[in-house]
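Here is the structure we will look at.
The numbers here are math on the coordinates, done by the rules we state, and not lab data. This one's a predicted model, so the numbers in the text were calculated from it and none came from an experiment. Glycine gets a Cβ as well: all are built from the backbone with ideal geometry, and neighbour counts include every protein chain shown.
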Amino acid sequence: MEVKIAHLYPSLMNIYADRGNIITLSQRCSWRGIGVRVDDFGPGETPDWQAYDFFYLGGGQDREQLLVARDLAAKGAGLIEAVLGGAALLSICGGYQLLGEYYRTAAGDTMEGVGLFKAHTVAGSRRCIGNVVIESRLGGSKLKLAGFENHSGKTYLEAGQEPLGRVVSGYGNNAEDGTEGIIYRGAIGTYMHGPLLPKNPGLTDFLLRVALSRRHGEISLAALDDSLEDAARAVAVKAAR
Ligand code: GLN
């Protein structure tokens, strides 16, 4: 069994050690004897959308987002088809914004998004910075997730869209409505950097299950000893209070 991960724009969209999320995905697979292949795709390079089980798009500032936006918009249809076909996807902050309908920056630029997520983002007048804790119902169970956010963009979900969770502490999507992130099928968008996955194994395993089930049907993952990860999350939760 192997998970095939496509890492989109790794050199442009990689702040707050987003790469740590890829390392965590790979490590939790290898602890379970599951193979992993990670391929990087930059501007002008298009993955074979059906060949990958997992797509990753990290965070980036407005400057990098501008460089990526047009290239990514041209790839939108393939990416959406892959998600509709059962692929998992994780997008963080600037990457999350670019997968919505559009992002309007403080400088007045409007970046067209991919439209995978029924949401749009507009720059706010203050930055939302700090530790963030949310309560999620991912996969049907209650899960506390912790991360670090730093964004001026305020994201608004369209009616009926499911947030990744409700903010316990921090700002979340827009500092107004108590939502954080979005989940659509196996695709997640979130403002939580961190890196996020090392201290949120429940989220990591949710994404791995989605990715693996694309080719292998319903999968139950072997339990791992998460005591270190849980301790790291507890520290982050405490810091957010
Ligand atoms: N440029 C975006 C914002 O500030 C995203 C920043 C990020 O990815 N940290 O809203």
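Would you grab the residues whose amide H sits under 5 Å from the one on GLY100? Only those 5+ places off in sequence or on another chain, please, with H modelled 1.01 Å from N.
VAL114, GLY115, PHE117
Using a/c under 1.5 as the rounded threshold, could you call the stretch 75-118 rounded, prolate or oblate? The axes a ≥ b ≥ c are square roots of the C-alpha gyration tensor eigenvalues, and prolate needs a/b larger than b/c, oblate otherwise.
Verdict is prolate for the stretch 75-118.
Rounded to the nearest 5, what is the percent of antiparallel bridges among the DSSP beta bridges in the stretch 41-189? Can you show the working numbers first?
Working: 27 of 36 bridges.
Once the DSSP bridges in the stretch 41-189 are tallied, antiparallel ones form about 75 percent.
What is the magnitude of the charge dipole of the chain about its Cα centre, with +1 placed on the Cβ of each Lys and Arg, -1 on the Cβ of each Asp and Glu, and no other charges, expressed in debye to the nearest 20? Don't skip to the end; give the middle numbers.
Working: 25 positive and 27 negative charges, 103 e Å.
That gives the chain a dipole magnitude of about 500 debye.
List the residues, sorted by chain then number, that are 5 or more residues from PHE148 or on another chain and whose placed amide H is less than 5 Å from its amide H.
VAL132, HIS193, GLY194
So what are the ³J(HN,Hα) numbers for the stretch 35-40, from phi and the Karplus equation (6.51, -1.76, 1.60; θ = phi - 60°), rounded to whole Hz, Gly and Pro as x?
So the J values, rounded to whole Hz, are x, 9, 10, 10, 10, 9.
I'd like the Karplus ³J(HN,Hα) series for the stretch 207-223: coefficients 6.51, -1.76, 1.60, θ = phi - 60°, whole numbers in Hz, and an x wherever there's a Gly or Pro.
5, 5, 4, 4, 4, 6, 5, 4, 9, 10, x, 4, 10, 10, 7, 4, 5
Would you mind classifying the stretch 1-91 by shape? Square roots of the alpha carbon gyration tensor eigenvalues, ordered a ≥ b ≥ c; an a/c under 1.5 is rounded, otherwise it is prolate if a/b is larger than b/c and oblate if not.
Details: a/c = 2.37, a/b = 1.32, b/c = 1.80.
It comes out oblate by the Cα gyration axes.
Tell me which residues come under 5 Å, amide H to amide H, from LEU89 once H is placed; ignore anything under 5 positions away on its chain.
Amide H to amide H, under 5 Å and 5 or more residues apart or across chains, LEU89 pairs with PHE55, ALA187, ILE188.
Sequence gap at least 6, Cα distance under 8 Å: using those rules, report the relative contact order of the chain to the nearest whole percent.
Details: 539 pairs, mean separation 48.1, N = 241.
Dividing the mean separation by the residue count of the chain yields 20 percent.
Among LYS4/LYS118; LYS144/LYS238; LYS118/LYS154; LYS4/LYS142, which pairs are too far apart, with a Cα-Cα distance over 18 Å?
Numbers: LYS4/LYS118 26 Å; LYS144/LYS238 12 Å; LYS118/LYS154 14 Å; LYS4/LYS142 28 Å.
Violating the 18 Å Cα-Cα cut-off are LYS4/LYS118; LYS4/LYS142.
Using the Cα gyration tensor of the chain, with a ≥ b ≥ c the square roots of its eigenvalues, what is the shape: rounded (a/c below 1.5), prolate (a/b larger than b/c) or oblate (neither)?
Details: a/c = 1.61, a/b = 1.11, b/c = 1.45.
Oblate.
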